[in-house]
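Each remark here refers to the structure printed beneath this line.
Please treat every number below as a calculation from the coordinates, not as lab data. Just so it is clear, the model here is predicted, and its values are computed rather than measured. Cβ placement follows ideal geometry from the backbone for every residue including glycine, while neighbour counts extend to all protein chains displayed.
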Amino acid sequence: MPDRLIIKGGKKLKGEINVRGSKNAATPMIAATLLAEEKPCRITNLPLIADVHKMIRLIESVGAEVEGEGERSITVDATDLNPESLDQKLVAQMRSSILTMGPLLARFGKLSIRHPGGCLIGARPIDTHLNGLKDLGVKVEVEEFGASQASDIAETKKAHMYHLEAGDLKGKEIILDEFSVTGTENMLMAASLAEGETTLKIAAAEPHVQNLADFLNKMGADIRTAGTNAYRIKGKKKLKGADHKVIPDYLEAGTFIILGLAAQGEITVKNVPADHLELTLSKLKKFGGDIEFIDDGVVKVGNGGRLEIPGLQAMPYPGIPTDLQSPLGVLATQAEGLTLIHDPMYEGRLKYLEELNKMGAEIVMCDPHRAIINGPTELYGTKLDPLDLRSGAALIIAGIIADGTTIIKDVSQADRGYEEIEKRLQKLGVDVKRIKE
């Protein structure tokens, strides 16, 4: 059984909390080290979370030598790799494993990889990745096999194995099917070793994508922005190792700021990349949130203000992140009046609202992408079942502000993105403990 969190809600929060390195920046950077044929890579400011540890194990499975340098730094030597030894069971456990596709294929020209696992937030095909690679000259064959042949893949009745083969990757203009973050990152890595020049359009522009591009450039790549949501990549014959720092996690920062507003405490959030949260912070202030910038990267969240949230729509960056929609939904239960939430990106992203209704919230599900929340309502502790990483964080917030005891039945979801979440919350005055199974 997974670990559980036991939360006794209703406590006033006070104290400081530091934002760690970005999960969504760390995992593609770890994958990118596989491109370095010469000289080790060094990555600093890594968050100590489950997905990072799994990603390290994944690159080790193909022969990368990983050594720790202090608590949050690693050195990766990827000079001698065997892509055929890729741990397919690990691939099937997390979405970010798909990020090994671009670098391994670009460097070795051939790869077999399972469909990645990850959060249950709806259909998450990898067509954008595959179509982009096809444009670079990759041949793709898809093999389907039943659950009896893939018992470790719990999410699907059928599993897929992708057999990819490339001669020489050749750059060209590529228009992605959507603003896919991991699709963009895979194409940046693959195109860095492609012959000629690649222009990538309809590309994601999230801060962690830009952080990856900066890292690749340090490794010897030539990546430049080419207008709105576009990159120009001049391919190189080989890349070498480099040093790079993972950026602070703007999603974690937003989660803690929203927690402070929902709990009406007085907390200080440090290491906040405010320029990555401009629209979110602007909206929270307009909603009535008591937020003050007291120093560079330091945000104080107070207990004043009357919240009104007429509507929220999740959008690609620089819009409201879909990953913050869940915590914002909890906040809306404490706001005055009706809130319309619209998340067009994933049809399973709103399932956490059903858990909030168990706590006494007044929420009407209009369709898989829209819901109306009537607030403010008092929430009551109960047993909650998070289905994905961000709903895990949202339900923890709900438990903190609820009356009585809340049991988060599977904290492993939150562990994937939030380092030692219960220990950090305890320092804010939250009555929370982990029950290990």
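Numerical summary
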| read-out | value |
| --- | --- |
| When each of K218/K423; K12/K436; K12/K54; K11/K358; K89/K218 is checked by Cα-Cα distance, pairs over 29 Å | K218/K423; K12/K54; K89/K218 |
| Shape call, the range 372-437: gyration tensor on alpha carbons, a/c limit 1.5 | prolate |
| Cleavage-rule hits, chymotrypsin sites (Phe, Trp or Tyr not before Pro), the range 152-248, DSSP coil, Cβ neighbours within 10 Å at most 11 | none |
| Rh by Kirkwood over Cα pairs, then Stokes-Einstein D for the range 227-290 at 1.567 mPa s and 4 °C, µm²/s | 87 µm²/s |
| Beta bridges per DSSP with both ends in the chain, % antiparallel, nearest 5 | 75 percent |
| Mean separation of Cα contacts under 8 Å (6+ apart) over length of the chain, as relative contact order % | 22 percent |
| MRE, 222 nm, helices only [DSSP H, n ≥ 4, -39500 (n - 2.57), over the chain, to nearest 500] | -8500 deg cm²/dmol |
| Extension gain from F293 to Q313, taking 0.36 nm per residue of separation minus the Cα-Cα distance | 4.7 nm |
| log10 of Debye I(q)/I(0), alpha-carbon scatterers only, for the range 289-391 at 0.22 Å⁻¹ | -1.21 |
| Student exercise, the chain dipole from Lys, Arg, Asp, Glu Cβ charges, in Debye to nearest 20 | 280 debye |
| The range 23-245: relative contact order as a whole-number percent, Cα under 8 Å and 6+ apart | 22 percent |
| Cα Rg, Dmax (largest Cα-Cα span) when computed across the range 15-93, Å | 13.1, 49 |
| Label-point separation in nm, L338 to F108, each point 7 Å along Cα→Cβ | 5.6 nm |
| DSSP bridge pairs, the range 23-245: antiparallel proportion in percent, nearest 5 | 75 percent |
| The range 23-245: radius of gyration over Cα atoms, expressed as a fraction of 2.2 N^0.38 Å | 0.94 |
| Summed side-chain charge close to N131 - residues other than N131 whose Cβ falls under 11 Å, Lys, Arg +1, Asp, Glu -1 | -3 |
| Square roots of 5 times each gyration tensor eigenvalue, C-alpha, the chain, largest first, Å | 37, 22, 21 |
| Centroid-to-centroid separation of the range 267-316 and the range 3-65 [C-alpha atoms, Å] | 25 Å |
